[in-house]
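Peer 1: Can you read through this structure? Questions will come right after.
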Amino acid sequence: MDNVDRNILEMLQLNARISNAELARANNMAASSMLDRVRRLEERGYIKGYTTKLDKKKLGLSVEAIVMICLDRHEAGSIDEFEDKIRAIPEVTACWHIAGRYDYAVHVSVRDIEHLGELVKHNLGANPGIEKQETFLTLSTVKEDSGIALPETTERGSK
């Protein structure tokens with residue numbers, strides 16, 4: 001990866017709908033060369049996909065929470081079963097397997113407090129193998145995912 005690839009990734013993180021022509025112009029390249037570069041970044045796995053950010057509040061999802069979960073067993077089978085169940089819950093927007101006092105941090109977006117209560121009681125808490133869970137309501141969003149900070153690159157030996 002060179003500095004042009006890095007710039008392409010930064011620009012796509014800011015606006016995944018940017019046209020190939022705009023990307024090419026911003027990088028002083030021909031559109032065909034830019035298309036080749038973007039395809040190569042996709043093929044090499046630097047670009048995993050393209051998404052759209054939705055307004056949760058406009059969609060009626062006005063409450064967000066982080067649910068911290070501890071499992072009672074730490075065996076591959078019980079971990080896999082728990083993770084499969086988490087993936088199947090539509091209100092779960094992200095889940096991280098973490099180190100420390102808890103095993104998982106689960107981010108959820110729901111309509112209201114009653115919806116959160118139902119989710120915690122009947123979906124998350126109903127999973128066998130959960131030793132304890134603790135729910136934290138988010139009061140406001142200070143920073144949302146705006147992409148990752150890309151490491152500096154050098155032109156030589158950066159492939």
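Peer 1: Condition first: touching a strand residue (DSSP E or B) at 6+ places or on another chain (Cβ under 8 Å) and over 21 Å from Asp112 (Cα atoms). Now tell me which residues in the stretch 37-60 satisfy that.
Peer 2: Here is the first cut: in the stretch 37-60, the residues touching a strand residue (DSSP E or B) at 6+ places or on another chain (Cβ under 8 Å) are 56.
Passing the criteria: none in range.
Peer 1: I've got another one for you. Restricting attention to the stretch 102-135, which residues are modelled with pLDDT under 90 and either polar (S, T, N, Q) or surrounded by fewer than 14 Cβ atoms within 10 Å (Cβ to Cβ) (or both)?
Peer 2: Listed by number, the residues that qualify are Ala126, Asn127, Pro128.
Peer 1: Sticking with this structure for a sec: Give the stretch 88-121 a look and list any residue that's over 23 Å from Gly60 (Cβ atoms) and either part of a helix (DSSP H, G or I) or touching a Lys or Arg at 6+ places or on another chain (Cβ under 9 Å) (or both), or say none.
Peer 2: Initially, the stretch 88-121 is screened for residues over 23 Å from Gly60 (Cβ atoms), giving 96-105.
Listed by number, the list holds a single entry, Tyr102.
Peer 1: Here is a further query. Among Glu83, Glu131, Glu75, which is the only one that is more than 28 Å from Lys58 (Cα to Cα) and in contact with an Asp or Glu (Cβ under 6 Å, 6 or more places away or on another chain)? Let's see the steps before the verdict.
Peer 2: Working: Glu83 fails: in contact with an Asp or Glu (Cβ under 6 Å, 6 or more places away or on another chain); Glu75 fails: in contact with an Asp or Glu (Cβ under 6 Å, 6 or more places away or on another chain).
That would be Glu131, the only listed residue that is more than 28 Å from Lys58 (Cα to Cα) and in contact with an Asp or Glu (Cβ under 6 Å, 6 or more places away or on another chain).
Peer 1: Moving to a separate point now. Contact list please: Cβ distance under 7 Å, first residue in the stretch 1-23 and more than 17 Å from Tyr50 (Cα to Cα), second residue loosely packed, with under 15 Cβ neighbours inside 10 Å and among the hydrophobic types (A, V, I, L, M, F, W, C), pairs at least six apart or on different chains.
Peer 2: Once the first residue is more than 17 Å from Tyr50 (Cα to Cα) and sits in the stretch 1-23, its partners that are loosely packed, with under 15 Cβ neighbours inside 10 Å and among the hydrophobic types (A, V, I, L, M, F, W, C) give Ala21/Ala31.
Peer 1: Being under 29 Å from Asn15 (Cα atoms), out of contact with any Gly (no Cβ under 8 Å at 6 or more places or on another chain), of a type in the set (Ser, Thr, Tyr) and at pLDDT below 90 narrows it down to one of Thr154, Thr138, so name that one. Working first, answer last.
Peer 2: Details: Thr138 fails: at pLDDT below 90.
When all the criteria are applied, what remains is Thr154.
Peer 1: Would you pick out the residues in the stretch 22-67 that are exposed (fewer than 11 other Cβ atoms within 10 Å of the Cβ), among the hydroxyl-bearing types (Ser, Thr, Tyr) and part of a helix (DSSP H, G or I)?
Peer 2: Answer for the stretch 22-67, where residues must be exposed (fewer than 11 other Cβ atoms within 10 Å of the Cβ), among the hydroxyl-bearing types (Ser, Thr, Tyr) and part of a helix (DSSP H, G or I): just Ser32.
Peer 1: Oh, and also: Of the conditions (1) over 19 Å from the mean Cα position of the chain (by Cα); (2) in the same structural domain as His115 (by TED's automatic domain parsing), Ala88 fails just one. Which one is it?
Peer 2: Answer for Ala88: the failing condition is (1).
The values are calculated or read from the model by the stated rules, or taken from the named source; none is laboratory data. Please read all numbers here as calculations on a predicted model, not as lab measurements. No Cβ is skipped: glycine too gets one built from the backbone with ideal geometry, and neighbour counts run over all protein chains shown.
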